[in-house]
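Take this structure first; my questions come after.
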Amino acid sequence: MAEQSRWDLGGRDVDALYLEAQRFRGEPLSARAWSKLRKNRAAWFAWVFLCTIGIASLLAPLLPIPSPKTMHPVTRPAPPVWPWLDKTKGEFRVDYWNLNAFDARLVELRKSMYGKFQTGPWLGTDAQGRDLLARIVWGSRKSIVTALAATAISLGIGVAWGAWAALKGGRTDRWMMRIVDVLYSLPFVFLVITALALFDAPRANLGEALVNRDVVFFVVLGAVFWLTMARVIRGQVLALKSSEFVLASRAMGASTGWILRHHVLPNVFSVAVVYLTLTLPSVMLAEAFLSFLGLGVQAPAVSFGLLVADGVDAINALRVHWWLFTFPAVAMATVLLALFVLGDGLRDALDVRAKEPTTP
Amino acid sequence: MRTERQGLNSLSQADLCRFTTLIASLAMASGRWASPLWVAAFSLVPIALVGWAWSVALSRSAPRADFVFNSGAEVSSLDPAVANGIPEGRVIRALYEGLYTRDPMNGAAVPALAANTQRSNDGLTYTFKVRKEALWSNGDHVTAEDFRWNFERLLAPETASPFASELWCIRGGRELTTGRDAQGEPVAAGAVPLGVTTPDAETLVVELVAPTPHFLELLASYQTSPVHRASLENARRRWPDDWSTRWTKPGYLVCNGPFVLTSRRLDDRMRLSKNERYWDADRVALRTIDVVVIEDATTAFNLYRAGEIDWLDGTIPPSLVDQLLAGDDFDPQPYLGTYFYRVNTTKPPLDDPRVRRALYAAINRVAICDKFLKAGQKPAYTLVPWGRIGTYNSPPGKKEDLDGARREFEAAGFGPNGKPFGTLQILYSSSDQNRAIAEMVADGWHEYLGLDVALENQEWKSYIDRQANLQYDVSRSSWICDYPDVTNFLAVFTSDSENNRTGWKNPEYDALVEQARHLGDLGQRDQLLRQAEAILLDQLPILPIYSYVSQNMVDPRLAGFGSNALNDQNPKFWYWMDDADLERSRRKMNARERKVLSHGPKEGLYSPRAQIERKAGGRTRR
């Protein structure tokens, strides 16, 4: 039996094989994850739903809904009206609080598109006669922005902290993680109240800028939610740390920062993204909870939490204005559910070790 | 006096879990987490928790009291000299009795422990005979000396009573509290003896600095109720550090009112039982009263509907008011209180009265009252609620005037072509009702004056701190009077009043109020006070919004419960009517009112005296 060549090419031409190899492009991980996500029907649906909600709330000034602020003094909240029975006349007027330039432009555009037309109380009105649909749309805007900003902050702190602790190891690691434990044990509500009070500097006159409570609120929420992120990332980095390519870099004298940038961060990206989608709904819930207690978003701005607080007030033994509770609660629950489903789907999609679907 | 009090139950289950995590992580850090001792300790925690929860659940199932009412907030103190709030007043009325009290039917000051009162012709000396039969709950007699000592205690600086300045009408009172006389000159201690003397055990003589028409109203306020000297001094000796909480504990507290305190659990409930040693115990019908603490208006309302609570005093969810008005258990009546916004007059540009006038004129009070509150509250254009108390009539305040508001605003240099105004912040304490009103006010200012308005919500304590330290722009406030007299309202905004909290100082106003306080001639007095209020309404350190109504939800079967402008209720007079009496009282009422289901006892509950009278075939009392 002839000795088999070490490079058994199956009788093919080496050059042709080389050309083929050059032409071959491995499918990038992100593209594979994307196609996996598309195949997960629930996750894909959640993704599309969230995109729709996100665009709708971003373009809220452009929608033909009334202003969430316009009050119509009424003695009791008006119940929902079916769109086809809606006999209200368009009486839209520009009546908003401190619009930024982008929103002001959108409102102008809206006026030229629909004129005075606006939808009627399709989801009913609240005790001050404000349109509930408009309040839900604008409220989702506030909640989404808060959740995104706070999550971004928690991502920044959490990844840096967790990765640094794991890479340094030893005493540094122990102390950094003990700090996380201690912060974990602090009651969340007290922490928020203290932080808000700390940033609350009195003003000498009205011309001085108000402390932007929204920004304080983002920072405080972010500062609370980075803890779990730090733990998750640390665990991941500990595993990476002992991998061959990190050991090789270290042996060649790479600094901790260099390893962090070139090996660790790209590899924990998928974990971070998955955890991000799971943090978003938690932050949103926390925002709702704090606003519900009156600590979060301040009226006349509106958010899911404030809307639900109004709704809960409407539940009593005598008369229930069901729409005040039902619609905001459903809107909030759907968004949260979609975020969780998407997070779940992303985790499956980004897991390289998961079994490949049987496709060629 | 403060009305609403809000708080949060901040320690949630999640926080408890976090706390446990802290302990666990400390244990792990110490490296001995696996030792059997720790394991045993941690397994004991849940067992202890379950046991505790069980004991709480068991103690909660005590039989229902004859009467249950909601206090709305935990009382800060049961010491009448220190307490200063509506919830405190309700309980103190049941526990203590002073020389005078109020008739619940019309709010008039009527004698209680004063068997006989003589006023000298110049109105400067009052001589009271204290009831001989009056006893403390430990059997001691209530004597004139008890009252003398209590006046001294209330005025003493170390008591720090918020009511002390009201009693400066007594000779030597101001000197005792402040160490200075009316001109501000220091006086040596004891140089001006207090004008309260006791010629014999039953007689009390009080000398005043100047005729004070409302002196008996002061004595009818719960703050002047006496406390038991021996038990208090004993408590001070035994517990020098925390005697003030210890001596009001059930079992220790000695009081002289129709009820005694039998048990108390903070932030949950107080059980009051009938005081058998009370001099008029024969006329007290209820044997037990529970005072529960439920801060959430909707929860309290639901419990009322379920018959767990018999009387609810406080916020009724506005969205229900129009429907509740039809029932015969809800009958809002004018109440001597005003809801207003304080303006920080030290902060430019709010130091300009024209700006404040503009803000004042651009509040849509009618919409707030008629469309939102709906229980009969009236738009307020004066500080004095309803524009009148007794013979006093307020000067007519200016009404809403949008053009006038814009004119004033532009005159002050603001408006479309004027200087930038900045952002105005409305401070309010956590409550949905306060928030809704702030939103409506802010909406008006934004729309008519083009202001940027921000709302800021703070929990009760920091809200009060911010207000007291003038760290606000505009702040929600209210004033409920302690006794029905105009000076009680106008004195709030004198320069040195600690309740002023606006930074507004006006010497002319101060002089008018001070002069009126010590004037016997009622006509002239009203005249001076009208001038003072006119100054206040011209300068507007406050923006009145509406006059209060009382919001009692009370079981229709309850009798002896009056409606008066102070909403001062006295449990001594309460009793349950039986079906026949209920039917009779309902026949008298307005035919349009819907009869609501009563949860009270069908057979009624009458005082021993009334029972005898009923047996004799006579009609029931009152």
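The values are calculated or read from the model by the stated rules, or taken from the named source; none is laboratory data. For clarity, every value in this text was computed on a predicted model and none was experimentally measured. We place every Cβ from the backbone using ideal geometry, glycine too, and count neighbours over all the protein chains shown. Heads up: the accessible areas ignore ligands, DNA and RNA and are worked out on the full protein's heavy atoms, side chains in. Shrake-Rupley method; radii C 1.70, N 1.55, O 1.52, S 1.80 Å.
Can you tell me which of (1) assigned to a loop (DSSP other than H, G, I, E, B); (2) open to solvent by 30 Å² or more (accessible area, probe 1.4 Å); (3) away from chain B (no Cβ under 14 Å); (4) within 22 Å of residue A:322 (Cα to Cα) is the one residue A:84 doesn't meet?
Failing condition for residue A:84: (1).
Oh, and also: Can you pull out the helices (runs of 4 or more DSSP H) entirely within the stretch A:246-360 that have at least 2 residues that are farther than 30 Å from residue A:128 by Cβ and touching a helix residue (DSSP H, G or I) at 6+ places or on another chain (Cβ under 6 Å)?
Details: elements: A:256-259, A:265-293, A:304-313, A:322-350.
Counting at least 2 such residues, we get A:256-259, A:265-293, A:322-350.
Residues B:287, B:305: which one is out of contact with any Cys (no Cβ under 7 Å at 6 or more places or on another chain), among the basic types (Lys, Arg) and under 27 Å from residue B:377 (Cα atoms)? Talk me through it step by step, then tell me what you get.
On the way: B:287 fails: under 27 Å from residue B:377 (Cα atoms).
The match here is B:305.
If you scan the stretch B:307-333, which residues turn out to be touching a residue at least 24 places away in the same chain (Cβ under 8 Å) and polar (S, T, N, Q)?
Answer for the stretch B:307-333, where residues must be touching a residue at least 24 places away in the same chain (Cβ under 8 Å) and polar (S, T, N, Q): B:315, B:333.
Is it the case that residue B:572 is in contact (Cβ under 8 Å) with a residue 60 or more places away in the chain, touching a Pro at 6+ places or on another chain (Cβ under 9 Å) and open to solvent by 70 Å² or more (accessible area, probe 1.4 Å)?
Working: in contact (Cβ under 8 Å) with a residue 60 or more places away in the chain: yes; touching a Pro at 6+ places or on another chain (Cβ under 9 Å): yes; open to solvent by 70 Å² or more (accessible area, probe 1.4 Å): no.
The answer is no for residue B:572.
Continuing with the same structure: When you go through B:536, B:528 one by one, which is the residue that is open to solvent by less than 10 Å² (accessible area, probe 1.4 Å) and either touching a residue at least 24 places away in the same chain (Cβ under 8 Å) or over 30 Å from residue B:614 (Cα atoms) (or both)? Talk me through it step by step, then tell me what you get.
On the way: B:528 fails: open to solvent by less than 10 Å² (accessible area, probe 1.4 Å).
Testing whether each residue is open to solvent by less than 10 Å² (accessible area, probe 1.4 Å) and either touching a residue at least 24 places away in the same chain (Cβ under 8 Å) or over 30 Å from residue B:614 (Cα atoms) (or both) leaves just B:536.
Oh, and also: Out of curiosity, is residue A:227 within 14 Å of chain B (Cβ to nearest Cβ) and over 22 Å from residue B:427 (Cβ atoms)? Break it down stepwise before answering.
Numbers: within 14 Å of chain B (Cβ to nearest Cβ): yes; over 22 Å from residue B:427 (Cβ atoms): yes.
Considered against the rule, which asks whether it is within 14 Å of chain B (Cβ to nearest Cβ) and over 22 Å from residue B:427 (Cβ atoms), residue A:227 comes out as yes.
Which residue, of B:115, B:73, B:156, B:83, is modelled with pLDDT of 90 or more and open to solvent by less than 50 Å² (accessible area, probe 1.4 Å)?
On the way: B:115 fails: open to solvent by less than 50 Å² (accessible area, probe 1.4 Å); B:73 fails: modelled with pLDDT of 90 or more; B:83 fails: modelled with pLDDT of 90 or more.
None of the other options fit; the residue is B:156.
Now for a different question. Does residue B:447 meet the test of being open to solvent by 30 Å² or more (accessible area, probe 1.4 Å) and out of contact with any Ser or Thr (no Cβ under 6 Å at 6 or more places or on another chain)? It would help to see each step written out before you state the result.
On the way: open to solvent by 30 Å² or more (accessible area, probe 1.4 Å): yes; out of contact with any Ser or Thr (no Cβ under 6 Å at 6 or more places or on another chain): yes.
Taking the combined requirement at face value, the residue satisfies it.
Six or more apart or on different chains, Cβ atoms under 6 Å: show the pairs whose first residue is in the stretch A:268-280 and free of Cβ contacts under 8 Å to residues at least 12 places away in the same chain and whose second is in a helix (DSSP H, G or I).
Hits for this filter: zero, empty list.
Same structure, new question: Those residues that are within 14 Å of chain A (Cβ to nearest Cβ), within 21 Å of residue B:323 (Cα to Cα) and not acidic (Asp, Glu), I need them from the stretch B:363-402; list them, please.
Going through the stretch B:363-402, the residues within 14 Å of chain A (Cβ to nearest Cβ) turn out to be B:363-377, B:379, B:400.
Keeping just the survivors that are within 21 Å of residue B:323 (Cα to Cα) gives B:366-377.
Those that are within 14 Å of chain A (Cβ to nearest Cβ), within 21 Å of residue B:323 (Cα to Cα) and not acidic (Asp, Glu): B:366, B:367, B:368, B:369, B:371, B:372, B:373, B:374, B:375, B:376, B:377.
Now for a different question. If I ask for residues that are farther than 20 Å from residue A:81 by Cα and under 18 Å from the mean Cα position of the chain (by Cα), which ones from the stretch A:303-337 would you list?
A:303, A:304, A:305, A:332, A:333, A:334, A:335, A:336, A:337 - these are the residues of the stretch A:303-337 that are farther than 20 Å from residue A:81 by Cα and under 18 Å from the mean Cα position of the chain (by Cα).
Further question on the same structure: Quick check on the stretch A:314-348: of everything there that is crowded, with 21+ Cβ neighbours inside 10 Å and closer than 30 Å to residue A:194 by Cβ, which residue is nearest to the other protein chains (Cβ to nearest Cβ)?
A:328
Mind checking which residues of the stretch B:412-429 are buried (at least 19 other Cβ atoms within 10 Å of the Cβ) and facing chain A (nearest Cβ under 10 Å)?
Within the stretch B:412-429, B:421, B:422, B:424, B:425, B:426, B:428, B:429 qualify.
Right, next: Of the residues that sit in the stretch B:449-464 and are touching a Phe, Trp or Tyr at 6+ places or on another chain (Cβ under 9 Å) and more than 7 Å from chain A (Cβ to nearest Cβ), which one is nearest to residue B:406 (Cα to Cα)?
Across the stretch B:449-464, the extreme among qualifying residues is B:449.
Can you report the number of residues in the stretch A:151-182 which are within 14 Å of chain B (Cβ to nearest Cβ) and either open to solvent by 60 Å² or more (accessible area, probe 1.4 Å) or touching a Gly at 6+ places or on another chain (Cβ under 8 Å) (or both)? Reasoning before the result, please.
Initially, the stretch A:151-182 is screened for residues within 14 Å of chain B (Cβ to nearest Cβ), giving A:171, A:173-182.
Retained after the next criterion (residues that are either open to solvent by 60 Å² or more (accessible area, probe 1.4 Å) or touching a Gly at 6+ places or on another chain (Cβ under 8 Å) (or both)): A:171, A:174-175, A:178-179, A:182.
Result for the stretch A:151-182: 6.
Within the stretch A:107-114, is even one residue away from chain B (no Cβ under 14 Å), of a type in the set (Lys, Arg), farther than 26 Å from residue A:271 by Cα and open to solvent by 70 Å² or more (accessible area, probe 1.4 Å)? Walk me through it before giving the result.
Let us first name the residues in the stretch A:107-114 that are away from chain B (no Cβ under 14 Å), namely A:107-114.
Then keep just the ones that are of a type in the set (Lys, Arg); that gives A:110-111.
Filter again for farther than 26 Å from residue A:271 by Cα, leaving A:110-111.
Okay, now just the ones that are also open to solvent by 70 Å² or more (accessible area, probe 1.4 Å), so A:111.
Looking through the stretch A:107-114, at least one residue is away from chain B (no Cβ under 14 Å), of a type in the set (Lys, Arg), farther than 26 Å from residue A:271 by Cα and open to solvent by 70 Å² or more (accessible area, probe 1.4 Å).
Pull up the stretch B:91-108, narrow it to residues that are open to solvent by 30 Å² or more (accessible area, probe 1.4 Å) and among the aliphatic types (A, V, I, L, M), then point me to the one that is farthest from residue B:563 (Cα to Cα). Walk me through it before giving the result.
Taking the stretch B:91-108 first, the residues open to solvent by 30 Å² or more (accessible area, probe 1.4 Å) are B:103, B:105-106, B:108.
Cutting the leftovers down to among the aliphatic types (A, V, I, L, M) gives us B:105, B:108.
Working: B:105: 6, B:108: 12 Å.
By that ranking, first place goes to B:108.
Further question on the same structure: List pairs: first residue in the stretch B:494-520 and assigned to a helix (DSSP H, G or I), second residue exposed (fewer than 15 other Cβ atoms within 10 Å of the Cβ) and of a type in the set (A, V, I, L, M) anywhere in the structure, Cβ distance under 7 angstrom, at least six positions apart or on different chains.
none
May I pose another question? Could you figure out which of (1) outside any loop (DSSP other than H, G, I, E, B); (2) open to solvent by less than 20 Å² (accessible area, probe 1.4 Å) isn't true of residue B:564?
(1)
Which one of B:491, B:468 is within 14 Å of chain A (Cβ to nearest Cβ) and touching a residue at least 24 places away in the same chain (Cβ under 8 Å)? Break it down into steps so the answer makes sense when it comes.
Values: B:491 fails: within 14 Å of chain A (Cβ to nearest Cβ).
Exactly one residue qualifies, and that residue is B:468.
Could you list, ordered by first residue, the pairs with Cβ atoms under 8 Å in which the first is in the stretch B:334-356 and at the interface with chain A (Cβ under 10 Å from one of its Cβ atoms) and the second is part of a helix (DSSP H, G or I), at least 6 apart or interchain?
B:349/B:355; B:350/B:356; B:355/B:408; B:355/B:409
Hey, any hits in the stretch A:131-142 for a residue that's assigned to a helix (DSSP H, G or I), in contact with a strand residue (DSSP E or B) (Cβ under 7 Å, 6 or more places away or on another chain) and under 26 Å from residue A:60 (Cβ atoms)?
Yes, because at least one residue in the stretch A:131-142 is assigned to a helix (DSSP H, G or I), in contact with a strand residue (DSSP E or B) (Cβ under 7 Å, 6 or more places away or on another chain) and under 26 Å from residue A:60 (Cβ atoms).
Here is a follow-up. Does residue A:33 fit the bill of being in contact with a Leu (Cβ under 8 Å, 6 or more places away or on another chain), more than 17 Å from residue A:148 (Cα to Cα) and of a type in the set (A, V, I, L, M)? Spell out the reasoning first.
Details: in contact with a Leu (Cβ under 8 Å, 6 or more places away or on another chain): yes; more than 17 Å from residue A:148 (Cα to Cα): yes; of a type in the set (A, V, I, L, M): yes.
Yes: the conditions hold for residue A:33.
Only one of A:77, A:121, A:73, A:64 is within 14 Å of another protein chain (Cβ to nearest Cβ), open to solvent by less than 50 Å² (accessible area, probe 1.4 Å) and part of a loop (DSSP other than H, G, I, E, B). Can you tell me which?
Values: A:121 fails: within 14 Å of another protein chain (Cβ to nearest Cβ); A:73 fails: open to solvent by less than 50 Å² (accessible area, probe 1.4 Å); A:64 fails: within 14 Å of another protein chain (Cβ to nearest Cβ).
Of the residues listed, the single one that is within 14 Å of another protein chain (Cβ to nearest Cβ), open to solvent by less than 50 Å² (accessible area, probe 1.4 Å) and part of a loop (DSSP other than H, G, I, E, B) is A:77.
Output the number of residues of the stretch B:540-553 satisfying the condition of being open to solvent by 20 Å² or more (accessible area, probe 1.4 Å) and modelled with pLDDT of 95 or more.
Step one: filter the stretch B:540-553 for residues open to solvent by 20 Å² or more (accessible area, probe 1.4 Å), giving B:548, B:551.
Of the ones still in play, those that are also modelled with pLDDT of 95 or more are none.
Of the residues in the stretch B:540-553, 0 are open to solvent by 20 Å² or more (accessible area, probe 1.4 Å) and modelled with pLDDT of 95 or more.
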